[in-house]
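Where a number appears in this text, it was derived from the coordinates with a stated rule and is not lab data. Everything numeric here is computed off the predicted structure, so don't read it as measured data. When we count neighbours, we look across all protein chains shown, and the Cβ atoms used for this are built from the backbone with ideal geometry, even at glycine.
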Amino acid sequence: MNLDLEAGQGIQVTGPAKVRIIDGELSLLGIDVSSNQEFIVKSGKQYPFEAKSQSKLELIGTDLQYIISEEPLIPPDRKTAAQRIGFIPTPARIMVLGQMDTGKSTVVCYLANHFLNQGKRVAVLDLDMGQQDIGPPCTITLGLLNNPILKLSDIPLNRMVFIGKTSPIGRMLQILTGARELVDHALNVADIILIDTTGWVFGGAARAYKAAKIRTLEPDVLVALEKEDEIEHLLKPFQSVILVEKLSVYPHIELRNSKTRKFLRESKFNNYFKNAVSRTLDLRFLTFENTFFRSGKRLLEAEWNKVEKTLECDFIYAEKAVDAIFLVKRSSSFYNKDKIKQLRGDYRVNEIRIIDKNDKKGLIVGLLDEKLKTLGIGLIENISYESDTIRIFTPVKEDIKVLQYGFLKITKTGQEILDQNLSF
Ligand SMILES: Nc1ncnc2c1ncn2[C@@H]1O[C@H](COP(=O)(O)OP(=O)(O)OP(=O)(O)O)[C@@H](O)[C@H]1O
Ligand SMILES: [Mg+2]
């Protein structure tokens with residue numbers, strides 16, 4: 001379908017769609033685009049084109065939607081905010097806050113292009129593990145721009161920290177310390193550091209988490225996207241000490257439901273693992289985090305036999321740490337649950353952790369080098385408890401020294417596997 005736009009008109013296209021510019025000059029998030037350029041708008045995503053001259057577009061796609069607007073699609077308050085932010089001494093940290101689906105990431109793109117056009121070095125910190133754009137889901141990432149961007153996923157990945165979950169629940173300390181690590185790195189390599197956040201803003205836990213994030217990352221500016229006063233409660237404690245730039249919310253945002261978000265996440269995983277291979281690693285040269293496994297010592301034969309006798313079960317692996325006993329059994333075998341208390345008493349540990357041999361298959365893991373830098377993520381294909389090897393499916397090629405267990409299981413093509421039993 002072909003469409004004509006007058007100068008000053010805008011069109012917001014919702015994917016899945018292909019947009020081809022037949023004629024004219026347009027602007028897309030502060031980037032100039034013109035004849036013969038083509039853009040793929042993925043399912044669940046939207047692109048706001050603004051015509052700078054009379055233009056003709058071709059829209060391709062059976063499920064696409066579009067809205068033509070007489071108003072500018074990028075509200076003018078973005079421009080004035082960008083100008084004011086430009087006066088702040090560099091390196092400057094700008095944190096973007098707002099409810100879900102308020103256009104936070106779009107504002108980050110716009111500001112990133114604005115400052116890149118001025119010749120500044122621009123970094124973007126993506127703290128959304130669920131809808132991660134720069135890296136794979138379950139991580140937080142830092143990207144450095146080398147070209148203008150249409151979406152955050154265009155930004156080349158510079159560094160990542162593995163969090164292991166798509167939600168911050170139970171992982172807030174790791175997110176805060178990880179984000180600080182990324183900001184510290186960014187301060188050395190960028191003039192403008194844009195910090196994109198999640199839309200989790202209501203309730204006591206969200207308030208405490210956002211406040212801790214602001215204190216930890218020390219932004220110079222808080223950019224607040226509000227329809228009315230939805231995030232005033234987050235801004236209030238800081239408004240006398242940090243510059244606050246309030247921006248309006250663009251009214252035609254297509255809300256993404258949890259199904260769309262899951263779909264986007266799974267395609268992100270799928271894409272990340274596209275060039276992955278199976279790697280077999282020797283457990284003896286690895287250290288582990290977020291698991292009792294290999295945090296203590298393998299039981300000697302006599303002790304091992306005693307544990308088997310107490311629990312009336314054969315184990316293929318048995319280990320004791322100062323606070324836990326970790327046991328691996330065959331999937332088909334059973335142990336006597338009534339004897340757990342006795343074992344706790346015998347060894348004076350609170351934690352008796354018993355897993356099946358195949359329990360960790362599909363678990364996502366963070367892979368770190370010897371300097372504890374995250375190299376990437378992988379998923380566990382198999383652990384050979386008897387022969388001290390682990391097989392991991394990952395695109396990471398470098399030497400792996402640390403393996404951090406995550407809290408989500410996926411298939412090799414990125415589908416999430418429901419599993420309640422993901423603890424240590
Ligand atoms: N000014 C705008 N004009 C047209 N479309 C917009 C505008 N701002 C945002 N959108 C569209 O709305 C959708 C949601 O925007 P965006 O991803 O920036 O929101 P978000 O607040 O980051 O969402 P989330 O809470 O999921 O992180 C996107 O598809 C984006 O293209
Ligand atoms: Mg976002």
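Using modelled backbone amide H atoms (1.01 Å from N, in-plane), which distant-in-sequence or interchain residues come within less than 5 Å of Ile22's amide H?
Here the answer is Asn36, Lys56, Leu57, Glu58, since their amide H atoms fall under 5 Å of that of Ile22.
Taking H placed 1.01 Å from N in the peptide plane, check which residues at least 5 places from Val223 or on another chain put their amide H under 5 Å from its amide H.
For Val223, whose amide H was placed from the backbone, the distant partners under 5 Å are Met95, Val96, Leu97, Glu245.
Tally the DSSP beta bridges in segment 77-255 and give the antiparallel ones as a percent, rounded to 5.
30 percent
Please report, in whole Å, how far the alpha carbons of the chain spread along each principal axis, starting with the longest.
Principal-axis extents of the chain (Cα, largest first): 83, 50, 36 Å.
Step through the table entries Lys45/Lys165; Lys18/Lys268; Lys337/Lys412, compare each Cα-Cα distance with 27 Å, and write down the pairs that go over it.
Going by Cα-Cα distance, Lys337/Lys412 fall outside the 27 Å limit.
Using a cut-off of 12 Å between beta-carbons, work out the net charge of the residues near Lys236 (Lys and Arg +1, Asp and Glu -1, Lys236 not included). List each step's numbers first, then the result.
Values: positive: Arg207, Lys210; negative: Asp229, Glu232.
Result for the neighbourhood of Lys236: 0.
Run through every distinct alpha carbon pair of segment 250-385 and return the Kirkwood hydrodynamic radius in angstroms, one decimal place.
Averaging 1/r across every pair of different Cα atoms and inverting gives 17.9 Å.
Could you derive backbone 3J(HN,Hα) for segment 93-104 from the dihedral phi with the Karplus parameters 6.51, -1.76 and 1.60 (θ = phi - 60°), listing whole Hz in sequence and x where the residue is Gly or Pro?
10, 10, 9, 9, 10, x, 5, 4, 6, 10, x, 4
Local charge sum around Ala51 (other residues, Cβ-Cβ under 10 Å, Lys/Arg +1, Asp/Glu -1)?
-2
Considering only DSSP beta bridges where both residues belong to the chain, give the percentage that are antiparallel (nearest 5).
70 percent
Of Lys52/Lys151; Lys357/Lys401; Lys213/Lys397; Lys210/Lys246, which ones are farther than 28 Å apart at the Cα?
In this structure, Lys213/Lys397 exceed 28 Å between Cα atoms.
Along the charge dipole of the chain, Cβ charges K/R +1 and D/E -1, which of Gly119, Gly199, Leu225 sits furthest on the positive end?
Gly199
Around Thr287, which amide H atoms from residues at least 5 apart in sequence, or from another chain, sit under 5 Å from its own amide H, with H modelled in the peptide plane?
Sorted by chain and number, the residues that satisfy this are Val402, Leu403.
How large, in Å, is segment 2-69 by the Kirkwood hydrodynamic radius built from its alpha-carbon pairs?
Every distinct Cα pair counted, the radius reaches 11.4 Å.
Rounded to the nearest 20 debye, what is the charge dipole size of the chain about its Cα centre when +1 sits on each Lys and Arg Cβ and -1 on each Asp and Glu Cβ?
1380 debye
Counting only other residues whose beta carbon sits under 9 Å from that of Phe293, what net charge do I get with K and R as +1, D and E as -1?
It works out to a net charge of +2.
Quickly estimate the mean residue ellipticity at 222 nm for the chain, helices only: each DSSP H run with n ≥ 4 gives -39500 (n - 2.57), and the total goes over all residues, rounded to 500. Before the final figure, lay out the partial values.
Numbers: 8 runs with 93 residues, N = 424.
Rounded to the nearest 500, the figure is -6500 deg cm²/dmol.
When N counts the residues of segment 77-255, how does its alpha-carbon radius of gyration compare numerically with 2.2 N^0.38 Å, as a ratio?
0.93
How far, in degrees from 0 to 90, does helix 301-311 lean away from the longest principal axis of the Cα atoms of the chain, to the nearest 10?
Helix 301-311 sits roughly 80 degrees off the main axis of the chain.
Between segment 169-236 and segment 374-403, how many Å separate their Cα centres?
32 Å
What aspartates and glutamates sit close enough to Lys409 to cross-link, taking a C-alpha to C-alpha distance under 14 Å and skipping anything fewer than 8 places away on the same chain?
Cross-link targets: Glu266, Asp359, Glu381, Asp419.
So how tilted is helix 204-217 from the main axis of the chain? Cα-based, degrees 0 to 90, rounded to 10.
Roughly 80 degrees, rounded to the nearest 10.
Of the beta bridges DSSP finds with both residues in segment 296-397, what % are antiparallel, to the nearest 5?
If we restrict to bridges inside segment 296-397, about 75 percent are antiparallel.
In whole Å, what is the distance between the alpha-carbon centres of segment 250-271 and segment 76-145?
With segment 250-271 and segment 76-145 each reduced to a Cα centre, they are spaced 19 Å.
Restricting to Cα pairs below 8 Å that are 6+ residues apart, what does the relative contact order work out to for segment 77-255? Please round to a whole percent.
The normalised contact order for segment 77-255 reaches 30 percent.
Report ³J(HN,Hα) in whole Hz for each residue of segment 274-280, in order, from the Karplus equation J = 6.51 cos²θ - 1.76 cosθ + 1.60 where θ = phi - 60°; Gly and Pro get x.
Along segment 274-280, the couplings run 3, 9, 6, 10, 7, 10, 9 Hz.
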